[in-house]
Amino acid sequence: MSVDEDDSEMDFSEDDCGYEDYYNTAEDCDVEQIDLYKTDPEYFAFECLNVEQVERLLNESVEMLSNNLQITPSLAKMLLHNHEWGCLTITAEYRRDAGRLLVTSCVKPPVPPDTSNSSSSVGMRISCPVCVSSILWDKFSSLCCGHSFCNMCWAMHFEVQITAGISTGISCMAKGCEVLAPEDFVLTLLTKPQLRDKYQQFAFKDYVKSHPQLRFCPGPNCQVVLRSKEPKAKRAICSYCKTMFCFRCGGDYHAPTDCNTIRKWLTKCADDSETANYISAHTKDCPRCHICIEKNGGCNHMQCYNCKHDFCWMCLGDWKCHGSEYYECSRYKENPNIANESAHAQAREALKKYLHYYERWENHCKSLRLEEQTLTKIKSRINIKVMNSSGTWIDWQYLMDAAALLAKCRYTLQYTYPYAYYMEPGPRKELFEYQQAQLEAEIENLSWKIERAESTDRGELENQIDIAEKRRTTLLKDFLEV
Amino acid sequence: MAALPRRIIKETQRLLQEPVPGISAVPDDANARYFHVIVTGPEDSPFEGGLFKLELFLPEDYPMSAPKVRFITKIYHPNIDRLGRICLDILKDKWSPALQIRTVLLSIQALLSAPNPDDPLANDVAELWKVNEVEAIRNAKEWTRRYAMDN
Ligand SMILES: [Zn+2]
Ligand SMILES: [Zn+2]
Ligand SMILES: [Zn+2]
Ligand SMILES: [Zn+2]
Ligand SMILES: [Zn+2]
Ligand SMILES: [Zn+2]
């Protein structure tokens with residue numbers, strides 16, 4: 001690296017708001033990260049922050065901008081909140097046309113205030129336009145727009161706004177004036193401690209929500225804020241409450257499906273819940289002896305307790321034709337001639353197609369829950385085994401690992417169905433469905449074996465785990481686009 | 001009941017002393033925050049000749065919060081729904097404590113002169129107002145005659 005390059009880098013880092021500094025700037029770390037991105041399609045760098053850490057982070061930006069532009073911290077905070085905390089953009093914009101920036105950010109009025117009759121003398125009383133009481137002139141305040149109101153009225157205005165959940169968006173009381181009240185202005189005039197707390201809580205929420213690198217953990221009652229340098233649709237896990245979610249949309253993690261598609265899918269499922277209800281049955285009849293069978297595990301590979309027939313829960317077909325080479329159950333066979341059919345037939349076909357994907361989506365979701373119960377059963381089974389000196393805790397650990405991996409694979413598999421539903425037919429869809437079928441076969445195999453594991457012979461199961469995880473990552477590598 | 005704020009007293013006095021042309025607003029005998037309002041249908045509007053009754057209530061935190069206003073007389077208007085609720089920006093997010101009862105009533109009068117079907121509250125009325133203004137105006141006149149005249 002030449003000396004010049006070094007210099008230019010220095011220049012750059014002086015101007016940015018410490019964002020780079022905040023992250024590990026050491027080069028070897030970057031290299032490591034790039035490698036992780038290559039090998040793990042789900043790799044995502046993020047950190048979990050508590051409220052104090054977030055406040056420190058925000059204040060760093062505020063200080064930096066306030067120093068850069070020689071403006072008050074309060075003003076800097078308003079600008080940052082209005083411009084997604086982009087220090088560099090604000091600095092550039094400010095240097096180009098400060099007046100315009102301040103007006104469009106509702107920091108200053110479009111027309112400067114008229115100060116011609118602002119002469120005041122000690123003991124002078126003025127009438128407040130809001131409460132129409134005559135009050136000592138020094139009990140008045142105004143924002144930079146010059147609209148002057150008595151302090152009592154300001155405080156009442158803030159109270160009403162804060163009670164309505166508004167904080168950073170509180171504007172001047174004058175008719176049609178859009179100038180925003182900065183934090184220090186509000187806090188100076190707001191006297192009730194309870195309201196001050198509320199204001200600060202609401203403002204904090206607004207600041208985090210306006211910051212592209214920050215996300216509130218969606219976990220119930222969790223205060224953690226997650227931060228990532230690249231706010232993508234990737235898997236984030238709260239280190240505190242363990243909630244797993246998509247960093248971009250905040251919903252349940254949904255790879256390989258993207259944020260828009262999953263939203264579309266979930267809306268569709270909610271709208272069509274009536275139609276789909278009939279399939280959510282927990283029982284089906286054995287296709288051979290017609291005895292009623294209840295599904296009580298996650299595995300789709302069913303064995304009739306009466307006639308011992310092995311069949312598939314999803315399609316009720318013989319399980320023999322569900323081997324990994326010819327696993328067809330996940331694929332929907334579209335009618336190639338559908339364009340020429342009647343509107344009625346097309347509608348029926350559309351519903352059939354939706355139900356095919358919905359059934360599988362819903363089934364994996366249920367299986368995940370059932371397998372959680374299985375896990376509890378496995379744990380108590382291991383307990384008994386260890387107590388009877390059949391292996392040690394360590395010997396049995398592999399089974400727990402296998403169950404955890406099974407859940408991870410099934411989760412991804414669940415989210416492959418909305419993805420496939422919206423895919424255009426063609427070679428790419430064929431490849432996707434091929435990989436999906438492979439994963440499907442591997443997972444049902446694994447689920448069957450975990451439910452029945454009786455020995456500490458881990459070889460075969462560990463092999464199976466390996467294959468399943470490889471199939472999962474291959475699918476994500478090929479189809480996860482973020 | 002708490003003492004009436006000076007602001008409300010002042011506004012009431014002025015409304016009674018210099019009423020807005022075409023509008024009468026009288027406080028209720030029992031509740032000084034409740035006003036009986038009558039708005040005359042503006043000239044050259046489909047509401048001409050009609051007298052429209054409204055109720056106006058000043059909430060506890062007035063003037064920090066907007067007054068609550070509602071048409072009592074039935075009216076065929078794209079920004080007023082069947083319950084008499086009014087779609088007017090200054091009654092919602094554009095409210096400012098510096099605005100007054102007087103300004104609100106003037107804005108309502110102006111809304112009668114210039115209905116705005118692009119910001120509708122009564123969807124069916126707004127729809128007709130957009131696709132067939134002639135028929136919509138005929139309906140508005142008919143409603144005015146039926147509900148807002150000699151009663
Ligand atoms: Zn102002
Ligand atoms: Zn005042
Ligand atoms: Zn959390
Ligand atoms: Zn997402
Ligand atoms: Zn059977
Ligand atoms: Zn099947």
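The values are calculated or read from the model by the stated rules, or taken from the named source; none is laboratory data. What you see is a predicted model; the values in this text were computed from it and never measured. Cβ sites come from the backbone with ideal geometry, for glycine too, and all protein chains shown count toward neighbours. Heavy atoms of the whole protein, side chains included, go into the accessibility calculation; ligands, DNA and RNA do not. Shrake-Rupley method; radii C 1.70, N 1.55, O 1.52, S 1.80 Å.
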- Message: Buried by at least 20 Å² relative to the chain on its own: which residues of the range B:81-97 qualify, computing accessible area with a 1.4 Å probe on protein heavy atoms?
- Response: B:SER96, B:PRO97
- Item | Residues whose placed amide H lies under 5 Å from that of A:ALA181, excluding near-sequence neighbours | A:ILE170, A:SER171, A:CYS172
- Note on the structure: For the range A:99-247, the Cα-Cα pair-distance distribution in 5 Å bins from 0, as whole percents, is 1, 9, 14, 15, 15, 13, 10, 8, 5, 4, 3, 2, 0
- Excluding ligands and nucleic acids, what accessible area in Å² is computed for B:ARG14 using a 1.4 Å probe, to the nearest 10? 100
- Item | Rounded accessible area of A:GLU42 (nearest 10 Å², 1.4 Å probe) | 10
- Share of Cα-Cα pairs in the range A:49-105 beyond 12 Å, in percent? 64
- Task: Give a residue-ordered list of calculated ³J(HN,Hα) values for the range B:141-149 (Karplus: 6.51 cos²θ - 1.76 cosθ + 1.60, θ = phi - 60°; whole Hz; x for Gly, Pro).
- Result: 5, 4, 5, 4, 5, 6, 10, 10, 10
- Note on the structure: Rounded to a whole number, the Stokes-Einstein D of the range A:357-402 in µm²/s (Kirkwood radius over Cα pairs; 10 °C; 1.306 mPa s) is 132
- Note on the structure: The extension gain from A:ASN335 to A:ARG96, computed as 0.36 nm times the residue separation minus the Cα-Cα distance, is 80.0 nm
- Item | Cα centre as origin, Lys/Arg/Asp/Glu Cβ charges: chain B dipole, Debye | 420
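What dipole magnitude, in Debye to the nearest 20, does the range A:137-222 give about its Cα centre under +1 on Lys/Arg Cβ and -1 on Asp/Glu Cβ?
220
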- Message: From the phi angles alone, apply the Karplus equation (6.51, -1.76, 1.60; θ = phi - 60°) to the range A:133-149 and give each ³J(HN,Hα) in whole Hz, x where the residue is Gly or Pro.
- Response: 9, 9, 9, 4, 4, 7, 9, 10, 9, 8, 7, 5, 7, x, 6, 9, 9
- Starting from the residue with the highest accessible area, list A:VAL103, B:VAL131 in decreasing order, probe 1.4 Å. B:VAL131, A:VAL103
- List the residues of the range B:53-74 that lose 40 Å² or more of accessible area once all protein chains are present, compared with their chain alone (1.4 Å probe, heavy atoms only, no ligands or nucleic acids). B:MET64
- Message: Need one number: nm distance between label points at B:GLU18 and B:ASN132, each 7 Å from Cα along Cα→Cβ, rounded to one decimal.
- Response: 4.7
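Got a sec? What order do A:LEU187, A:LEU446 fall in by accessible area at 1.4 Å, biggest, i.e. largest, first? All intermediate terms of the calculation are to be shown ahead of the outcome.
Numbers: A:LEU187 30, A:LEU446 0 Å².
Largest accessible area first, the list is A:LEU187, A:LEU446.
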- Message: Helix A:393-421 against the longest principal axis of chain A: what's the angle in degrees, Cα atoms only, rounded to the nearest 10?
- Response: 70
- Note on the structure: Sorted largest first, the Cα spans of the protein assembly as shown on the principal axes come out in Å as 96, 76, 52
- Message: Checking an interface number: how much accessible area is buried between A and B, summed over both chains, with a 1.4 Å probe, in Å² rounded to 100?
- Response: 1000
- From the Cα gyration tensor of the range B:80-151, with a ≥ b ≥ c the square roots of its eigenvalues, which class applies: rounded if a/c is under 1.5, or else prolate if a/b is larger than b/c, or else oblate? oblate
- Note on the structure: Residues whose built amide H sits under 5 Å from the amide H of A:LYS234, excluding neighbours closer than 5 in sequence, are A:PHE247, A:ARG248
- Query: So how do A:HIS344, B:HIS77, A:HIS147, A:HIS356 rank on accessible area, 1.4 Å probe, biggest first, that is with the largest at the start?
  - Reply: A:HIS344, A:HIS147, A:HIS356, B:HIS77
- Query: Just how large is the dipole of the range A:94-197 about the Cα centre, in debye to the nearest 20, putting +1 at every Lys and Arg Cβ and -1 at every Asp and Glu Cβ?
  - Reply: 160
- Using the Karplus equation 6.51 cos²θ - 1.76 cosθ + 1.60 (θ = phi - 60°), what ³J(HN,Hα) coupling, rounded to whole Hz, does each residue of the range A:83-100 give in order, writing x for Gly and Pro? 10, 6, 6, x, 3, 5, 4, 4, 4, 4, 4, 5, 6, 6, 7, 4, x, 4
- Mean accessible surface per residue for the protein assembly as shown, computed with a 1.4 Å probe while every protein chain stays in place, in Å²: 54
- Message: Tell me the carbon and sulfur percent of the accessible area for the protein assembly as shown, rounded to whole percent, probe radius 1.4 Å.
- Response: 52
- Query: Using a 1.4 angstrom probe and counting only protein chains, how large is the accessible area of A:PHE46 in Å², to 10?
  - Reply: 70
- Task: Take the alpha carbon gyration tensor of the range B:6-149, find the square roots of its eigenvalues, order them as a ≥ b ≥ c, and report rounded if a/c is under 1.5; if not, report prolate when a/b exceeds b/c, else oblate.
- Result: prolate
- Task: List the residues whose amide H sits under 5 Å from the amide H of A:ILE135, counting only those 5 or more places along or on another chain, with H placed 1.01 Å from N in the peptide plane.
- Result: A:ILE126, A:SER127, A:CYS128
- With each pseudo-label sitting 7 Å past Cα toward Cβ, what's the A:GLU460-A:LYS320 distance in nm, one decimal? 2.0
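B:LYS94 to A:SER390: FRET efficiency via 1/(1 + (r/R0)^6), r the Cβ-Cβ distance, R0 60 Å, to the nearest 0.05?
Efficiency, rounded to the nearest 0.05: 0.20.
Hey, which of these cross-link pairs are over 18 Å Cα-Cα: A:LYS229/A:LYS264; A:LYS38/A:LYS234; A:LYS429/A:LYS477; A:LYS333/A:LYS429? Intermediate values should be presented prior to the final figure.
Details: A:LYS229/A:LYS264 27 Å; A:LYS38/A:LYS234 15 Å; A:LYS429/A:LYS477 15 Å; A:LYS333/A:LYS429 12 Å.
Violating the 18 Å limit, Cα to Cα: A:LYS229/A:LYS264.
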- Please give the residues from the range A:123-165 for which the solvent-accessible area of heavy atoms, probe 1.4 Å, is smaller by at least 10 Å² with all protein chains in place than with the chain isolated. A:PRO129, A:VAL130, A:CYS131, A:VAL132, A:SER133, A:MET156, A:HIS157, A:VAL160
- Task: Let me know the number of lysine pairs in the range B:6-149 closer than 29 Å at the Cα, not counting same-chain pairs under 8 apart.
- Result: 22
- Query: Say each of A:ARG56 and A:ASP272 gets a label point 7 Å from the Cα, pointing the same way as Cα to Cβ; how far apart are those two points in nm?
  - Reply: 5.0
